[in-house]
Amino acid sequence: LGGPEAAVRGEPGAGPGTGAAAQGEMPRADVVALFTERVAALGVAVRHVGGDELATAVAAVLWGWEAERIVVPADLPYGWLAELDGVRPLADSAVLDVPALADVDGVVTGCAVAVAQTGTVVLDGGRAQGRRVLTLVPDRHLCVVHADQIVGAVPEAVRRLDPARPQTWISGPPPPSPLAGGPPQGPRGPYGAPHGPRTLEMLVVED
């Protein structure tokens, strides 16, 4: 409403809370801390690491999953996987169809932007994110979020995104089954695969 220029200026008609004054200016450290708090409240395991610790942290998560094969976007930075031992990364390609993706132990991606207010990460198919199906079919998803990708509120995230790109907004894993001890229940897709991972973990990189 009002067009992108009006939204940036926070003019009437740009929608509620779209201007900087409406959002309030939060210090960067507070934005990152709020994101961590909201993500954890959604049942996501989140850990902060330095840039030089990322490869070790990724390897540690995959070892914890006892993963043997994972899928990664073809343009995932090689350095993120430099410490893997005993885990085979498969670069995404057209030959990896839904049954093949359902057979891997997890996926590692980056993100386009993250929202502190809602504990959400957004993927738009850009660098290190891959096809949308990569994060809909595998049971486990490890998402790497750089601190400078985290914004305070949804309107700020929307302004960073290209509306012409396909977007996936992720706020935690599927909810647990109402049956005690049952598996998570989410919409089911072809071959019984859930529309989203049963396990979602995040690494926040303090660059």
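The values are calculated or read from the model by the stated rules, or taken from the named source; none is laboratory data. If you're wondering where the values come from, they're calculated on a predicted model, not measured in any experiment. As a convention, Cβ positions derive from the backbone with ideal geometry for all residues, glycine included, and neighbour counts pool all protein chains shown. Only protein heavy atoms, including side chains, enter the accessible area calculation; ligands, DNA and RNA are left aside. Shrake-Rupley method; radii C 1.70, N 1.55, O 1.52, S 1.80 Å.
The table that follows gives values for the structure above.
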quantity: Residues of the stretch 75-112 satisfying the condition of being closer than 24 Å to Asp148 by Cβ and open to solvent by 70 Å² or more (accessible area, probe 1.4 Å); calculated: Asp75, Tyr78, Glu83
quantity: Test: residue in the stretch 141-154 that is charged (D, E, K, R), over 16 Å from Leu81 (Cα atoms), assigned to a loop (DSSP other than H, G, I, E, B) and open to solvent by 40 Å² or more (accessible area, probe 1.4 Å); calculated: no
quantity: Among the candidates Leu84, Leu62, Leu96, residue that is outside any loop (DSSP other than H, G, I, E, B) and either touching a Leu at 6+ places or on another chain (Cβ under 8 Å) or among the aliphatic types (A, V, I, L, M) (or both); calculated: Leu62
quantity: Residue check, Thr56 in contact (Cβ under 8 Å) with a residue 12 or more places away in the chain, hydroxyl-bearing (Ser, Thr, Tyr), open to solvent by 50 Å² or more (accessible area, probe 1.4 Å) and assigned to a loop (DSSP other than H, G, I, E, B); calculated: no
quantity: Yes/no for Val71 being assigned to a strand (DSSP E or B) and either within 17 Å of the chain's Cα centre (by Cα) or charged (D, E, K, R) (or both); calculated: yes
